[in-house]
Amino acid sequence: IEEHFYLLWPLVVRRVPERRLLAVCAALFVGAFALRVWLVATGASPLIAYTATPARFDTLADGAALAVLARRAGGLARWASASRALLLVAALLFAALYAWIRLGAAPPAASSGAQGFEAATVQVLSFLRDPWMQTAGYSLLCIGYAALLVVVVTAPAGAAIGRVFELRALRRVGEVSYG
């Protein structure tokens, strides 16, 4: 998904005036959400909503929008307060969505060892296949992570949230997992 976006996005940036890039990001966000809703409504495979590039453009469009905002007057600092509120709202809505989905799911069977791992895997996959997760859930996650990024980047020097994201172990996991 990222590779497709990174092949296309430089062409968009080159062709679209910078003042209109946020509108393109917003259109990609809304379009990806609408596509996932349509896929779920038509009974398409949950795998398509999770892996099809156009269905996941919202997450990448969020990052692209942050890059555009960072270049504007005031940078991301201008959005710090709104991002803290948005992070809280997105986290609360996602927690409510998670509870809604889990409460509607069958209770897990008691098991251990390999059977326990298999049962846990089935639970995670059933969560990811849920129509609410495939539509609202994915969008809430990308909004929340975009807001978190702004909160971390704009945090004052020495702030607790900044120190957490500067932990050597966490940075190492990021280096290895991304690399």
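The values are calculated or read from the model by the stated rules, or taken from the named source; none is laboratory data. Just so you know, these numbers come straight off a predicted model, no measurement behind them. So basically every Cβ, Gly included, is an ideal-geometry build from the backbone, and we count neighbours across all protein chains shown. Side chains are part of the model used for accessible areas, which takes the heavy atoms of the whole protein and leaves out ligands, DNA and RNA. Shrake-Rupley method; radii C 1.70, N 1.55, O 1.52, S 1.80 Å.
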So Phe29, is it open to solvent by 50 Å² or more (accessible area, probe 1.4 Å), under 13 Å from the mean Cα position of the chain (by Cα) and not hydroxyl-bearing (Ser, Thr, Tyr): no
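Hey, could you check the range 1-26 for residues that are among the acidic types (Asp, Glu) and either in contact with a Ser or Thr (Cβ under 6 Å, 6 or more places away or on another chain) or over 16 Å from Leu69 (Cα atoms) (or both) and say which is surrounded by the most Cβ atoms within 10 Å (Cβ to Cβ)?
Initially, the range 1-26 is screened for residues among the acidic types (Asp, Glu), giving 2-3, 18.
This time we only want the ones that are either in contact with a Ser or Thr (Cβ under 6 Å, 6 or more places away or on another chain) or over 16 Å from Leu69 (Cα atoms) (or both), so: 2-3.
Values: Glu2: 12, Glu3: 8.
Out of the qualifying residues, it is Glu2.
Of the residues Leu69, Leu22, Leu11, which is assigned to a helix (DSSP H, G or I) and touching a Leu at 6+ places or on another chain (Cβ under 7 Å)? Show your work before the answer.
Values: Leu22 fails: touching a Leu at 6+ places or on another chain (Cβ under 7 Å); Leu11 fails: touching a Leu at 6+ places or on another chain (Cβ under 7 Å).
Residue meeting the stated conditions: Leu69.
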Select, from Leu97, Leu128, Leu92, Leu149, the only residue that is modelled with pLDDT under 85 and within 16 Å of the chain's Cα centre (by Cα). Leu128
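Out of curiosity, is Leu167 free of Cβ contacts under 8 Å to residues at least 12 places away in the same chain and either hydrophobic (A, V, I, L, M, F, W, C) or crowded, with 17+ Cβ neighbours inside 10 Å (or both)? Give the derivation first.
Working: free of Cβ contacts under 8 Å to residues at least 12 places away in the same chain: yes; either hydrophobic (A, V, I, L, M, F, W, C) or crowded, with 17+ Cβ neighbours inside 10 Å (or both): yes.
The answer is yes for Leu167.
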